[in-house]
1. Which count do you get for residues in the stretch A:23-63 that are within 14 Å of chain B (Cβ to nearest Cβ) and without any contact (Cβ under 8 Å) to a residue 12 or more places away in the chain?
2. Would you be able to say whether some residue in the stretch B:97-112 is in contact with a His (Cβ under 8 Å, 6 or more places away or on another chain) and surrounded by 13 or more Cβ atoms within 10 Å (Cβ to Cβ)?
3. Please work out if A:Arg18 is away from chain B (no Cβ under 14 Å), among the charged types (D, E, K, R) and surrounded by fewer than 15 Cβ atoms within 10 Å (Cβ to Cβ).
4. Please list, ordered by first then second residue, the pairs with beta carbon atoms under 6 Å, 6 or more apart or interchain, first in the stretch A:92-106 and among the hydroxyl-bearing types (Ser, Thr, Tyr), second in a helix (DSSP H, G or I).
5. Since B:Ala89 meets every condition but one in (1) under 30 Å from A:Ile148 (Cα atoms); (2) among the aliphatic types (A, V, I, L, M); (3) within 12 Å of another protein chain (Cβ to nearest Cβ); (4) surrounded by 13 or more Cβ atoms within 10 Å (Cβ to Cβ), which condition does it not meet?
6. On the given criteria, is A:Ala103 surrounded by 12 or more Cβ atoms within 10 Å (Cβ to Cβ) and of a type in the set (A, V, I, L, M, F, W, C)?
7. Residues that are β-branched (Val, Ile, Thr) and modelled with pLDDT of 90 or more: list the helices (runs of 4 or more DSSP H) wholly contained in the stretch A:10-98 that include at least 2 such residues.
8. Which residues, taken from the stretch B:119-154, are free of Cβ contacts under 8 Å to residues at least 24 places away in the same chain and within 21 Å of A:Pro157 (Cα to Cα)?
Amino acid sequence: MTRRYRAADGSESWLVLRGVLVLFGLLLLSNVALATWSVYGDASPWAEVAMVVFDAVVVGGFALAIRGSLAPLLQVRTVGVRGWAWTGGLFAALYLFMWGYMALAVLMFDEIRMLADYREHGWPLWSALVLIAITPPLIEELGFRGYIFDRLTRIMPARDANILQAALFSILHCSVPILPSHFVMGLAFGWLRLRTKSLIPGIVLHAAWNAAVVLEELARDG
Amino acid sequence: MLQVLEFLAVIAAAIFGLLLARSKQMDVVGVVCVTFIVAFGGGTLRDVDKALTHLASFAPDERVEVEGKEYVVAELRAQVERERVQGFAVPIGLGAVFFGLFVWARRAAVPALTTALLLFVTVHAVEAVIDPTTLPRGLFLKIFFLVGLVAGLKAALAQREAVLAAADPALT
């Protein structure tokens, strides 16, 4: 298929990139709103519920707009045994990396407690698992490795697109201590998407990782 | 009076940093970096050391109130010690990221400038949430960098399309 450019002034590429910037801007807005709430409000998990609902609506809307491109990426059968083996191997590699990274990070930064607000407000463990381990992986994989990755590969090579989406994924978390670790995680999820041509292994790996973090904190703090 | 003296101390430290960087025959970027680090780094270290010296006069299990919140002295000490490392690690880390983006931009300008732009906006947005008084600080410089990054990104996109058009005249 031949694409016709009206002019070589960057407007065609800008139209593609604009969608990425708008999606990232909306997700950043909800994250900054949550951060504001946790600094000045009562840090109730209801704020997290509101953010998750907002993010789900936003990402859902963007994903629907390119459903033709995303639908093949939601197939499980394309993954195969090798794809699942890569997923398991990456989980082990990420666990080792994060163990070392966090051991260094606690020397400089306060430990991140994901369950603190849930405990303080008497919310059950299952609600934390839903809001941390199930919905964010679905939203973030569909948003970053789905919409953003797909759009970026239209204006740059897949390798650059993977680095950029991983950078945006880490920036979105609005936290300096986890900026490097989430960049590596974003790269791993993006690589898995390229390798398996599916978003499903990334969603499974992301959810397994988040659940492991929650359960480890639970085992440590009781 | 104390504020004037502190301001003069920062200026003196900045001049020392400037001379140090020039004596090592650094380029403009190197001179600016060293000047900033020497000018503001010394003050940060001194503030942290003052806080630690003050805390040393309390027993580790004693409780103290700081800005309406109660802390155990041992925990507060550990927090101040961490802040000493953070005060340097965070700006140097972010500086290293931006330097990495500068290197990447020479090979792939669009993704590098997109990352730089969004990182710049996010860092300032988060900083403004944590401490709203930082928002107006250096506002003109922030706007200058923001405009520069957006203009750079647009130029990179135009250059990309110009290269594509040159490679395949049928596309224009």
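1. Final tally of qualifying residues: 7.
2. Checking the stretch B:97-112: not a single residue is in contact with a His (Cβ under 8 Å, 6 or more places away or on another chain) and surrounded by 13 or more Cβ atoms within 10 Å (Cβ to Cβ).
3. When the stated conditions are applied, A:Arg18 does not pass them.
4. Pairs that qualify, where the first residue is among the hydroxyl-bearing types (Ser, Thr, Tyr) and the partner is in a helix (DSSP H, G or I), are A:Tyr101/A:Ser181.
5. Failing condition for B:Ala89: (1).
6. On the way: surrounded by 12 or more Cβ atoms within 10 Å (Cβ to Cβ): no; of a type in the set (A, V, I, L, M, F, W, C): yes.
No.
7. Here the list reads A:11-40, A:45-65.
8. Across the stretch B:119-154, the qualifying residue is only B:Lys154.
The values are calculated or read from the model by the stated rules, or taken from the named source; none is laboratory data. Bear in mind that the values here come from a model prediction, so they are computed numbers and not experimental data. No Cβ is skipped: glycine too gets one built from the backbone with ideal geometry, and neighbour counts run over all protein chains shown.
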